[in-house]
Structure formats: structure tokens, C-alpha cells
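The values are calculated or read from the model by the stated rules, or taken from the named source; none is laboratory data. Just so we're clear, the structure is a prediction, and the values are computed from it rather than from any experiment. Cβ atoms come from the backbone with ideal geometry, glycine included; neighbour counts cover every protein chain shown. Surface accessibility is based on the protein's heavy atoms, side chains included, excluding ligands, DNA and RNA. Shrake-Rupley method; radii C 1.70, N 1.55, O 1.52, S 1.80 Å.
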Amino acid sequence: QVQLEESGGRLVETGGSLRLSCTASGRTDSNYPMGWFRETPGKEREFVAAISWSGYSSYHSDSVKGRFTISRDHGRNTVYLQMNNLKPEDTAVYYCAARSSSGLGYRKEEYDYWGQGTQVTVSS
């Protein structure tokens with residue numbers, strides 16, 4: 001079992017940057033690939049980015065490619081989402097997730113553990 005806690009969300013202007021953090025506790029010795037998702041009212045939870053256990057492999061959705069970067073620091077048990085050139089359509093609650101199976105996951109059904117989310121609001 002692993003517990004996840006996101007932080008770093010806040011109000012930011014269009015074109016600004018934020019770095020979200022997701023800190024894991026509990027069974028952090030397990031090899032968990034991680035992902036970031038986001039959700040807005042009335043819409044399905046959307047895949048944003050994923051990273052392998054080693055950190056050598058990652059994938060970003062087309063909507064954020066070139067603007068967002070996922071990374072991880074094993075020493076701190078933390079996964080990051082660096083978000084640059086933010087747009088109003090990036091406004092959402094951002095969730096981090098861990099999956100107990102190997103390999104990157106691109107769908108929310110592939111993840112087993114979730115954080116509570118952190119709100120990101122981009123003003124126009």
C-alpha cells in the first residue's frame with residue numbers, strides 16, 4: 001500500500017509556470033510507475049503524463065507535450081510535474097497516481113493508488 005499527497009497547485013496567470021509535487025509514503029520500496037492526471041467538472045479524468053520506475057522512460061499527452069515535464073526523485077520519494085507556458089484550458093484538479101504493474105500507464109484504470117488532488121487555476 002502506498003499513500004500519495006500532491007502539492008503546489010495555485011492560481012497563476014496565462015503564460016506562467018508551476019511545479020506540482022507528489023510525495024509517496026508507505027510501501028515506497030516497491031517499483032511503482034507513476035502518472036499525472038487532471039479533471040475538470042463534467043469531464044472524465046484525463047491523462048497528462050507518466051514516468052517509469054527508473055525515470056528513464058516518460059510520456060506526455062499531446063495537449064501538454066513541449067510545455068509540461070514529468071520527473072522523479074527516488075531519494076525524496078517524489079514525482080514532479082513542471083508546467084510551463086500555462087493556458088486557461090490547463091485549469092483543473094491535478095492528481096498523481098501509482099500503478100503496481102510495470103510499464104507506463106496511459107489510462108486511469110491502469111492505476112491502483114491515487115492522491116487527493118491539487119487545484120491549478122490559470123487566469124486569462
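Determine the distance separating the Cα centre of segment 73-124 from the Cα centre of segment 27-71; give it in Å without decimals.
Taking the Cα centre of segment 27-71 as reference, the centre of segment 73-124 is 5 Å away.
Antiparallel DSSP bridges in the chain: what percent, to the nearest 5?
Just about 90 percent of them are antiparallel.
Compute the label zone of ASN85 within segment 55-75: residues whose backbone N is under 13 Å from the point 7 Å along Cα-to-Cβ.
63-69
Can you pull out the GluC sites (Glu not before Pro) in segment 20-65 that DSSP calls coil and that have at most 14 other Cβ atoms within 10 Å?
Taking segment 20-65 and a limit of 14 other Cβ atoms within 10 Å, the loop GluC sites (Glu not before Pro) found are GLU44.
Given a 1.4 angstrom probe, I'd like the percentage of the accessible area of the chain that is carbon and sulfur, rounded to a whole number. Walk me through the intermediate numbers first.
Values: 2830 of 6510 Å².
Exposed carbon and sulfur together represent 43 percent of the surface.
Starting from the Cα of ARG76, step 7 Å along the direction of its Cβ; do the same at GLU44; then give the gap between the two resulting points in nm.
Between ARG76 and GLU44, the simple spin-label model gives 3.3 nm.
Which whole-number value in Å² is the accessible area per residue of the chain, probe 1.4 Å? Don't skip to the answer; put the middle values down first.
Numbers: 6510 Å² over 124 residues.
It amounts to 52 Å² per residue over the chain.
Mind checking which aspartates and glutamates have their Cα closer than 15 Å to the Cα of LYS65? Skip sequence neighbours fewer than 8 apart in that chain.
Here the aspartates and glutamates satisfying the reach criterion relative to LYS65 are GLU46, GLU89, ASP90.
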